[in-house]
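Novice: Structure provided below as structure tokens; questions to follow.
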4 protein chains.
Amino acid sequence: MSDRPLHIAVCGPHEATGQEVAWAEEIGRRLAEAGAVVVCGGYGGVMDAVARGAAAAGGTVIGILSGSDRRGSSDHLTAVLPTGMGEARNAIIVRSADSVIAVSGEYGTLSEMGLALKMGRPVVGLETWRLSKPGREGDPVVRAETPEDAVRLALELAEASGPDA
Amino acid sequence: MSDRPLHIAVCGPHEATGQEVAWAEEIGRRLAEAGAVVVCGGYGGVMDAVARGAAAAGGTVIGILSGSDRRGSSDHLTAVLPTGMGEARNAIIVRSADSVIAVSGEYGTLSEMGLALKMGRPVVGLETWRLSKPGREGDPVVRAETPEDAVRLALELAEASGPDA
Amino acid sequence: MSDRPLHIAVCGPHEATGQEVAWAEEIGRRLAEAGAVVVCGGYGGVMDAVARGAAAAGGTVIGILSGSDRRGSSDHLTAVLPTGMGEARNAIIVRSADSVIAVSGEYGTLSEMGLALKMGRPVVGLETWRLSKPGREGDPVVRAETPEDAVRLALELAEASGPDA
Amino acid sequence: MSDRPLHIAVCGPHEATGQEVAWAEEIGRRLAEAGAVVVCGGYGGVMDAVARGAAAAGGTVIGILSGSDRRGSSDHLTAVLPTGMGEARNAIIVRSADSVIAVSGEYGTLSEMGLALKMGRPVVGLETWRLSKPGREGDPVVRAETPEDAVRLALELAEASGPDA
């Protein structure tokens, strides 16, 4: 393992409530303060808030866009990467991350949770999807109660996992 | 809308129980008998069984592989397409489909359900993931009780949706 | 190597001359007569012509679309797979093939030639891009003079290469 | 157009000569000094050199990897993004850029040139592939004679083009 910074993805909806935005901004700030590179989907709502929080703390935050140009992307990104690949970009967001934090979220976030779990990336959830299956015990998502909690768990789990492990 | 055949994706785990295999084979057969093109992930378990069922009924079944060559793919595919894109190929499987049937499934199937719902593709589930979120009512997945039921629902929903709609 | 049919990709421009269309149709027909699965980009021009030729001979021809739905795709495809991934789908077209035939072509075809060569897929060219680099000898593309020649070379090269080799 | 920094992709081979490495390092440095975000493939050779040059000048440089983890990537990257998508990641590298500089290069670089031209991204070439086609006049690649020249041309062309234009 190198001394490379941890990369943490933060996923959540384009249309977010005031609480979700506040949570995401705090998560971005705390991740940046911990020296992590933040990866997100690069658009509005939770994505914009996490970018704003990370940028305000002087951190690096990368937006991986579904679209083929930069329209609609957050103003707070260190680098803005249009993939032109639509929802397949969700696979890149979570593949790039040592762990993933899901904040609330709609179907896009659900797909990122499934992709992350499939790739063996730990997923920390804050008020997000609950997943269960007939005949299966337990919850594959580590549940956090607060943004601070989510960041702490994501950093701990990332240390033991991810692309460098 | 053209007179093009409906394309239906069938998703499910690589390691499947005897019942899941039997269900998948029946689903493949019934879809082929209805004239649908079947799309799947192209490997073993549910994927192989749905291909075998479709092929036995003289149907067309396409395997969209995560790997960069054809190793490990089912012997029952009309065309075998290695994408070399890893789990991002899940986005292609569901993008190609007018509706999606999920049979049981692990995290890969969960990601396909999330991606399909995000893209507006109807999802029919047979003994698969249950999805819920705090503050959200209802289940976005249409539940089937039998393979016959799953195929009927998938074809009905596909008529009103999908890439041609 | 299994008894699976060879998969041959045919690449070429959306806007094609009469001669290019005639060539592509003959290539599609000859590939289908040889029992190969034909893979193409699924839209107009050379793509539509190769699909028409293959379909007229009773063959299987798969269209892998850049778009996120089936609009604008050829009517002659056995299966129509919208990827929603833009030009990244060019990587899938050539990854799926045991060898690639390039007929004339613009920048999209050029990218497919580069991707195929990078992946080790043999490329047969018919009146297509000429590639040279300072300090480098030879032409990585096998040149054909006629459609018949192109099909013969592509099948021979595919036997010794491709995803199953 | 926002006040967002220009994003410039630099493409070139994994195995590079001493001159190519020196060129790439100078290009990275000059791009960083001009305030551009540098995007590259993230591995060795030209990719590592451009990252080293950009990092030494305090710039931001993003590595978009073909692999599914960070193994083999340059130590000089601000963010390291494994895509797990193989060569399809070449489409993302050039899609993310306002213009592209190709330094020498093998087939991967050739594919990036084709993809960039197809997407309408200007391509500046330094001792790289020459492209010609029967019946077609002119060279779609803007030729540079020196690294300084390449950077100047890439920045000029990016101003008038790219994802923000």
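The values are calculated or read from the model by the stated rules, or taken from the named source; none is laboratory data. Just so we're clear, the structure is a prediction, and the values are computed from it rather than from any experiment. Cβ: placed from backbone, ideal geometry, glycine included. Neighbour counts: every protein chain shown. These accessible areas exclude ligands, DNA and RNA; they are computed on the full protein's heavy atoms, side chains included. Shrake-Rupley method; radii C 1.70, N 1.55, O 1.52, S 1.80 Å.
Novice: If a residue must be out of contact with any Gly (no Cβ under 8 Å at 6 or more places or on another chain) and of a type in the set (S, T, Y), how many such residues does the stretch D:47-77 contain?
Specialist: 1
Novice: Still on this structure: Against the conditions (1) open to solvent by less than 10 Å² (accessible area, probe 1.4 Å); (2) facing another protein chain (nearest Cβ under 9 Å); (3) in a loop (DSSP other than H, G, I, E, B), where does D:D75 fall short? Just the number, please.
Specialist: Tallying (1) open to solvent by less than 10 Å² (accessible area, probe 1.4 Å); (2) facing another protein chain (nearest Cβ under 9 Å); (3) in a loop (DSSP other than H, G, I, E, B), D:D75 fails exactly one: (1).
Novice: Just one of the numbered conditions (1) in a helix (DSSP H, G or I); (2) among the aliphatic types (A, V, I, L, M); (3) open to solvent by less than 10 Å² (accessible area, probe 1.4 Å) is not true of D:L81; which one?
Specialist: Single failed check for D:L81: (1).
Novice: Can you tell me which residues in the stretch C:10-52 are within 19 Å of B:L77 (Cα to Cα), open to solvent by less than 10 Å² (accessible area, probe 1.4 Å) and assigned to a helix (DSSP H, G or I)?
Specialist: Selection gives C:L31 alone.
Novice: Which of the residues spanning the stretch A:122-163 are more than 20 Å from B:T128 (Cα to Cα) and touching an Asp or Glu at 6+ places or on another chain (Cβ under 7 Å)?
Specialist: Result: A:P147, A:A158, A:S161, A:G162, A:P163.
Novice: Please go through the stretch B:131-165 and give me each residue that is more than 14 Å from every other protein chain (Cβ to nearest Cβ) and surrounded by fewer than 16 Cβ atoms within 10 Å (Cβ to Cβ), ordered by number. Lay out the reasoning, then the answer.
Specialist: Applying the first criterion (more than 14 Å from every other protein chain (Cβ to nearest Cβ)) to the stretch B:131-165 yields B:142, B:146-157, B:159-160.
B:T146, B:E148, B:D149, B:R152, B:E156, B:E159, B:A160, listed by residue number.
Novice: Another one. In the list B:G125, B:G86, B:G63, B:G105, which residue meets the criterion of being at pLDDT 95 or above, under 17 Å from A:G114 (Cβ atoms) and touching a Ser or Thr at 6+ places or on another chain (Cβ under 6 Å)? Please lay out each step first, then the result.
Specialist: Numbers: B:G125 fails: touching a Ser or Thr at 6+ places or on another chain (Cβ under 6 Å); B:G63 fails: under 17 Å from A:G114 (Cβ atoms); B:G105 fails: at pLDDT 95 or above.
Sole residue among the options that is at pLDDT 95 or above, under 17 Å from A:G114 (Cβ atoms) and touching a Ser or Thr at 6+ places or on another chain (Cβ under 6 Å): B:G86.
Novice: Criterion first (within 14 Å of chain D (Cβ to nearest Cβ) and either in a strand (DSSP E or B) or within 13 Å of the chain's Cα centre (by Cα) (or both)) does C:I64 satisfy it?
Specialist: Working: within 14 Å of chain D (Cβ to nearest Cβ): yes; either in a strand (DSSP E or B) or within 13 Å of the chain's Cα centre (by Cα) (or both): yes.
So C:I64 fits the description; yes.
Novice: Here is a follow-up. With the checklist (1) touching a Leu at 6+ places or on another chain (Cβ under 9 Å); (2) without any contact (Cβ under 8 Å) to a residue 60 or more places away in the chain; (3) outside any strand (DSSP E or B); (4) buried (at least 24 other Cβ atoms within 10 Å of the Cβ) in hand, flag the one item D:A55 doesn't pass.
Specialist: (4)
Novice: Another question, if that's okay. So which residues in the stretch C:85-130 are open to solvent by 10 Å² or more (accessible area, probe 1.4 Å), at the interface with another protein chain (Cβ under 7 Å from one of its Cβ atoms), farther than 19 Å from D:E106 by Cα and not in a helix (DSSP H, G or I), if there are any at all?
Specialist: C:E127
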